[in-house]
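S.K.: Okay, here's the structure, questions in a sec.
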Amino acid sequence: ETKGGTVKAASGFNATEDAQVLRKAMKGLGTDEDAIIGVLACRNTAQRQEIRTAYKSTIGRDLLEDLKSELSSNFEQVILGMMTPTVLYDVQELRRAMKGAGTDEGCLIEILASRNPEEIRRINQTYQQQYGRSLEEDICSDTSFMFQRVLVSLTAGGRDEGNYLDDALDLYEAGEKRWGTDEVKFLSILCSRNRNHLLHVFDEYKRISQKDIEQSIKSETSGSFEDALLAIGELVGTELILLGLGTDDSTLIRVMVSRAEIDMLDIRANFKRLYGKSLATLLETTGRFCSFSVEEMIKSKVQDGRLLNTDFVFNFIFLHCY
């Protein structure tokens, strides 16, 4: 059972009032970045879209254009990402990962391996609408070999359920039990089963082989194919992607923006379980954040005379990034 996200719909929400606060924060000399954070970090994606509409209708300006002109660097990326509808944000990130020289394989794996079939369907649809070609076409033109086959399988979004024991036996026979590796069998099972089913498969696999599926994938595969299979099994999911991101700001921003309303609480809990330290502590020590502590951050953020819900503290820490 998932714990969910850190960002929830704000109670007593008034889009027009928020629009006025944002306009005041950006009007004249300087920018009140704390005011921008105080509004946008405490509203969910749907509410932010309402604010954008209210900003246009009551002020006569485009909120995104004003934000672009007032903000810069990572802070701009975070805020603009938060202002983008979830599916469109994924689509834009996928396009960015394949545009120009080189391919951001980590981005492709992270998004396609962690979205459910309905999300994948909407990503495919929106990608076609935005760019006039299919996501699969661009993947095929930008990747190759088994890694390409993994990504194409994931874009199909057909992740169903089979029999736990049969799948576990098939994986064992495709790798540990034989000389060489039947990569197609790994591909067919890991790309066509949903996440809950795979967790049961991995439990059965460990019972049969006396090894974690992670160990087998690492010993039986390599390179981008290995990374993709590990990500599909959520063995190096977003909590591992976040480890050691001293220079990979784009990945950190993408994970934070795209998972804040979905499973950020799970990511935080898993990170603490795996590494013995909180994700907030790691972010505070990366050197990209303001030099005040979690306690000071909590004390400094008061709304309507009350402390903000502590669920939002993590978001405030992250958003004080320059």
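Only the coordinates and a few stated rules stand behind these numbers; no lab work does. Just so it is clear, the model here is predicted, and its values are computed rather than measured. Don't worry about glycine lacking a Cβ; one is built from the backbone with ideal geometry, like all the others, and counts go over all protein chains shown.
S.K.: Which FRET efficiency, nearest 0.05, do residue 99 and residue 211 yield, Cβ-Cβ r, R0 35 Å?
M.R.: Efficiency, rounded to the nearest 0.05: 0.35.
S.K.: Residues with amide H under 5 Å of residue 193's amide H, sequence separation 5 or more or different chain, H placed in the peptide plane at 1.01 Å from N; which?
M.R.: For residue 193, the qualifying residues are 160.
S.K.: Give 218/272; 185/218; 24/68; 27/56; 24/56 a once-over and call out the pairs whose C-alpha atoms are over 21 Å from each other.
M.R.: 218/272
S.K.: Let me ask something else about it. Using a 7 Å offset from the Cα along the Cα-to-Cβ direction at both residue 130 and residue 184, what is the distance between the two label points in nm, to one decimal?
M.R.: For the pair residue 130/residue 184, the computed spacing is 3.4 nm.
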